[in-house]
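The values are calculated or read from the model by the stated rules, or taken from the named source; none is laboratory data. Just so it is clear, the structure is predicted and the values come from calculations on it, not from any experiment. Neighbour counts are summed over all protein chains in view; Cβ atoms, including those assigned to glycine, are modelled from backbone coordinates with ideal geometry. Calculation scope for accessible area: heavy atoms of the full protein, side chains included, ligands and nucleic acids excluded. Shrake-Rupley method; radii C 1.70, N 1.55, O 1.52, S 1.80 Å.
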Amino acid sequence: GAVVSQHPSRVICKSGTSVKIECRSLDFQATTMFWYRQFPKKSLMLMATSNEGSKATYEQGVEKDKFLINHASLTLSTLTVTSAHPEDSSFYICSAREAAGGITDTQYFGPGTRLTVL
Amino acid sequence: GEDVEQSLFLSVREGDSSVINCTYTDSSSTYLYWYKQEPGAGLQLLTYIFSNMDMKQDQRLTVLLNKKDKHLSLRIADTQTGDSAIYFCAETGPGGGYNKLIFGAGTRLAVHP
């Protein structure tokens, strides 16, 4: 089946630093990738939709200058948390959709990245 | 706006059936999904159902959809300890856009001997 990887799986950083998280589709091309944030014992909240070669579409309330998304190729999207603060600590999960535009196209999820900002 | 609700916790004995329930508000939802999340991991798609279906069965999993009441359930037959996880209900469709999955808070299933 389709596999999505994320790197790193866990990162601890100091307040004020920037952290980059990678999301890769390993055996398929993903024209669309999604970034979610999951709070403890809470649901996943969609942060942004990332389309290859174009600017990401951010959900309401998500700061685009804070969470920089780049989808430079059909297999890689990156999320950079800039000037991270403790409130940015969370579990970040990406997903990738295999084909473009189809209604039934499934989103395949990565294993997630646990970010802890001290 | 769209909203998906689930009970937060379910405990069952190994070998029994588990039924996880979900309600949603967007009547225009086209697809409804069940995802499984094991500790520290991402989400695994278990099954999905199209809104014009009432039931879908896949081995031990049975999905029931009551579109009138906007109620979705996932039944796991012969529940095993490996089924212990968090189960998320999600919807997508014209209301939220086909891109956007709206998730419930997840139901934590605990299976005990």
> Of (1) surrounded by 15 or more Cβ atoms within 10 Å (Cβ to Cβ); (2) more than 21 Å from B:L101 (Cβ to Cβ); (3) without any contact (Cβ under 8 Å) to a residue 40 or more places away in the chain, A:E63 satisfies all except one. Which?
Replying inline: (1)
> Of (1) open to solvent by less than 80 Å² (accessible area, probe 1.4 Å); (2) of a type outside the set (D, E, K, R); (3) over 22 Å from B:G106 (Cβ atoms), A:I12 satisfies all except one. Which?
Replying inline: (1)
> How about segment A:15-28: which of its residues are closer than 19 Å to A:R97 by Cα and open to solvent by 10 Å² or more (accessible area, probe 1.4 Å)?
Replying inline: A:E22, A:R24, A:L26, A:D27, A:F28
> Can A:M33 be described as within 24 Å of A:C13 (Cα to Cα), within 12 Å of chain B (Cβ to nearest Cβ), under 11 Å from the mean Cα position of the chain (by Cα) and in a strand (DSSP E or B)?
Replying inline: no
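Results for (1) buried (at least 17 other Cβ atoms within 10 Å of the Cβ); (2) touching a His at 6+ places or on another chain (Cβ under 8 Å), shown as yes or no for each residue.
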{"position": "A:A30", "(1), (2)": "yes, no"}
{"position": "A:F39", "(1), (2)": "no, no"}
{"position": "A:S43", "(1), (2)": "yes, no"}
{"position": "A:S50", "(1), (2)": "yes, yes"}
{"position": "A:A56", "(1), (2)": "yes, yes"}
{"position": "A:L68", "(1), (2)": "no, no"}
{"position": "A:S83", "(1), (2)": "no, no"}
{"position": "A:Q107", "(1), (2)": "yes, no"}
{"position": "A:G110", "(1), (2)": "yes, no"}
> Say we look at segment B:40-79 and pick out the residues that are closer than 30 Å to A:L115 by Cβ and either open to solvent by less than 80 Å² (accessible area, probe 1.4 Å) or in a loop (DSSP other than H, G, I, E, B) (or both); which of these is modelled with the lowest pLDDT?
Replying inline: B:G40
> Taking segment B:1-39 as the search range and keeping residues that are of a type in the set (S, T, Y) and in a loop (DSSP other than H, G, I, E, B), which one is surrounded by the most Cβ atoms within 10 Å (Cβ to Cβ)?
Replying inline: B:S29
